[in-house]
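Written below as structure tokens is the structure these notes are about.
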Amino acid sequence: MTQRERADYPDDVEPESGFRLPLPARESLDESGQRSYDRLVDPMGGTIKGLRGPGGIQLYSPRVAELGHPLNQYLRFGSALGGRVRELAILTTARECDSQFEWAAHESEALREGVPQAIIEIVRHRGSTAGLDEADAIVIDLGRAALRDHKVDSATFARALKRFGAKGLVDLVALMGNYAATAALLTTFDMQLPPGQPPLLPID
């Protein structure tokens, strides 16, 4: 990391970790923490950002990392929601939580899973969902209601239940809640974007 890139970080952010704590050394961790550490540095470990992201923060509480990983993997890959719904739900959550890091990590994932750029822009700019396919519209509308308005009205709930069924709806809301919790972690520890990565969300 160059001196210029370091200067762009807040004073209380560690340059190697990108957040407000230094990355713990592997040998300082207990057995559970070392398993999580090894998974984070493994390119096939199922994480997008490795140590430089929420996984690195969670190493400070190895049981949180250990218990949270299988839930995250189920919600991302084990449920029947499908990649497009999953990534649209994550982007909606990131937008409603104003999580720059989460958005930057998942915008390209959403494109790979078939979310059109036009829909990504609707989420990014909090545009209208009128005219969208119902499956896309209900994911966005539900996320906005739950995370921004803190109230899901009966009509929105009925639309979501009809589209996803009871199990799918629980999985969808649990996915959004999981990423909202991650956004809170990233905000509290002031997780920075990688050097050279511009913010992708317009935040007032």
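Residue by residue through segment 48-81, note down the ones that are surrounded by fewer than 21 Cβ atoms within 10 Å (Cβ to Cβ) and touching a Ser or Thr at 6+ places or on another chain (Cβ under 6 Å).
Answer for segment 48-81, where residues must be surrounded by fewer than 21 Cβ atoms within 10 Å (Cβ to Cβ) and touching a Ser or Thr at 6+ places or on another chain (Cβ under 6 Å): 62, 66.
For segment 34-63, which positions are in contact (Cβ under 8 Å) with a residue 40 or more places away in the chain and charged (D, E, K, R)?
49, 52
Yes or no: segment 55-62 includes at least one residue that is in the same structural domain as residue 134 (by TED's automatic domain parsing), in contact with a Leu (Cβ under 9 Å, 6 or more places away or on another chain) and β-branched (Val, Ile, Thr).
Scanning segment 55-62 turns up no residue that is in the same structural domain as residue 134 (by TED's automatic domain parsing), in contact with a Leu (Cβ under 9 Å, 6 or more places away or on another chain) and β-branched (Val, Ile, Thr).
May I ask you to verify whether residue 129 is assigned to a loop (DSSP other than H, G, I, E, B), crowded, with 17+ Cβ neighbours inside 10 Å and not aliphatic (A, V, I, L, M)?
yes
Which one of these is outside the structural domain of residue 175 (by TED's automatic domain parsing), acidic (Asp, Glu) and in contact (Cβ under 8 Å) with a residue 24 or more places away in the chain: 87, 96, 66?
Of 87, 96, 66, the one residue that is outside the structural domain of residue 175 (by TED's automatic domain parsing), acidic (Asp, Glu) and in contact (Cβ under 8 Å) with a residue 24 or more places away in the chain is 66.
Can you work out which of the residues in segment 146-187 that are touching a residue at least 24 places away in the same chain (Cβ under 8 Å) and among the hydroxyl-bearing types (Ser, Thr, Tyr) is surrounded by the fewest Cβ atoms within 10 Å (Cβ to Cβ)?
187
What do you reckon, is residue 183 part of a helix (DSSP H, G or I) and closer than 28 Å to residue 16 by Cα?
yes
Kindly evaluate residue 31 against the criterion of being farther than 30 Å from residue 132 by Cα, surrounded by 13 or more Cβ atoms within 10 Å (Cβ to Cβ), without any contact (Cβ under 8 Å) to a residue 12 or more places away in the chain and among the acidic types (Asp, Glu).
Spelling it out, it is not the case that residue 31 is farther than 30 Å from residue 132 by Cα, surrounded by 13 or more Cβ atoms within 10 Å (Cβ to Cβ), without any contact (Cβ under 8 Å) to a residue 12 or more places away in the chain and among the acidic types (Asp, Glu).
Any idea which residue in segment 82-126 is surrounded by the fewest Cβ atoms within 10 Å (Cβ to Cβ), counting only those that are of a type in the set (Ser, Thr, Tyr) and over 15 Å from residue 139 (Cα atoms)?
That would be 108.
Table: residues versus (1) touching a Phe, Trp or Tyr at 6+ places or on another chain (Cβ under 7 Å); (2) outside any helix (DSSP H, G or I); (3) at pLDDT 95 or above.
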| position | (1), (2), (3) |
| --- | --- |
| 33 | no, no, no |
| 45 | no, yes, no |
| 48 | no, yes, no |
| 63 | no, no, no |
| 80 | no, yes, no |
| 88 | no, no, yes |
| 91 | yes, no, yes |
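Regarding residue 156, is this residue closer than 24 Å to residue 69 by Cβ and either touching a His at 6+ places or on another chain (Cβ under 9 Å) or assigned to a helix (DSSP H, G or I) (or both)?
Taking the combined requirement at face value, the residue does not satisfy it.
Could you look through segment 1-16, keep only residues that are at pLDDT below 95 and surrounded by 11 or more Cβ atoms within 10 Å (Cβ to Cβ), and pick out the one that is nearest to residue 75 (Cα to Cα)?
My answer is 16.
The values are calculated or read from the model by the stated rules, or taken from the named source; none is laboratory data. From a predicted model like this one, the values you see are computed outputs, not experimental measurements. So basically every Cβ, Gly included, is an ideal-geometry build from the backbone, and we count neighbours across all protein chains shown.
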